[in-house]
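What follows draws every value from the coordinates through simple rules; no lab data is involved. Since the structure is predicted, the reported quantities are computational estimates derived from the model, not experimental observations. Note that we place each Cβ from the backbone using ideal geometry, even for glycine, and neighbour counts take in every protein chain shown.
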Amino acid sequence: MKARLVCDALRMAIWQRRPRAGLIVHSDRGSQYASKAYSSLLKAHGFIGSMSRLGDRWDNAVAESFFESLKQERCQWRNYQTRYAAQQDVLQYIAMFYNSHRLHSYLGYKIPSQYEAEAAKMRKIA
């Protein structure tokens, strides 16, 4: 996996969600996450990078759960003709289903936008 791919994914997430400085961005120990480009992107937005400990799969449980869902719900029975076709299909799955309609157990069986709205309301109250 190239650093450009993870940087592009992070930029897309920043554009869609507009997180505040201080956000903790967790990753595994892949070289793309230790790259200068990725580190610079985190720093430019005031984010804090967090890497899992060597051999500790529980550090990345949410990400591992996502990739398992992606494989089972979208990619398992598909044969993509090109890398571009696969990218577009995965992007569509994430943007049009996973983040907008699919219930997430780690969010109390809510969709991310519903969870975000409730969290914003609670921040205003506090």
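Before moving on, here are some points about what is shown:
- The value of relative contact order for the chain, using C-alpha pairs under 8 Å at least six residues apart, is 16 percent.
- For Ser27, the amide hydrogen comes within under 5 Å of the amide hydrogens of Ser50, Met51, Ser52, counting only partners 5 or more places away or on other chains and with H modelled in the peptide plane.
- Long-range HN-HN contacts of Lys110 with modeled amide H, under 5 Å: His104
- Gln81/Ile48 FRET efficiency (R0 30 Å; Cβ-Cβ; nearest 0.05): 0.15
- Those trypsin sites (Lys or Arg not before Pro) in the range 43-116 that DSSP places in a loop and that have at most 15 other beta carbons within 10 Å: Arg53, Arg78, Arg102
- Loop-located chymotrypsin sites (Phe, Trp or Tyr not before Pro) in the range 8-110, at most 13 other Cβ atoms within 10 Å (DSSP): Trp77, Tyr80, Tyr109
- A value for P(r) over Cα pairs in 5 Å bins from 0, in percent was derived from the coordinates, and within the list (i) 2, 10, 20, 24, 21, 14, 7, 2, 0; (ii) 2, 9, 17, 19, 18, 14, 8, 6, 4, 2, 1, 0; (iii) 2, 9, 15, 20, 22, 19, 10, 3, 1, 0, 0 it appears as (iii).
- Local net charge near Ser113, Cβ-Cβ under 12 Å (Lys/Arg +1, Asp/Glu -1): +1
- With a simple spin-label model that places each label point 7 Å from the Cα along the Cα-to-Cβ direction, the separation between Ser105 and Ala13 comes to 2.1 nm.
- Helix-derived mean residue ellipticity, 222 nm - over the chain, DSSP H n ≥ 4, -39500 (n - 2.57), to 500: -14000 deg cm²/dmol
- Segment Ala120-Ser65, extension gain: residue separation times 0.36 nm, minus the distance between their alpha carbons: 17.3 nm
- Cα-based shape type of the range 1-48, given that a ≥ b ≥ c are square roots of the gyration tensor eigenvalues and the cut on a/c is 1.5: prolate
- Compared with the direct C-alpha span, the chain from Leu91 to Glu73 gains 5.1 nm at full extension, assuming 0.36 nm per residue.
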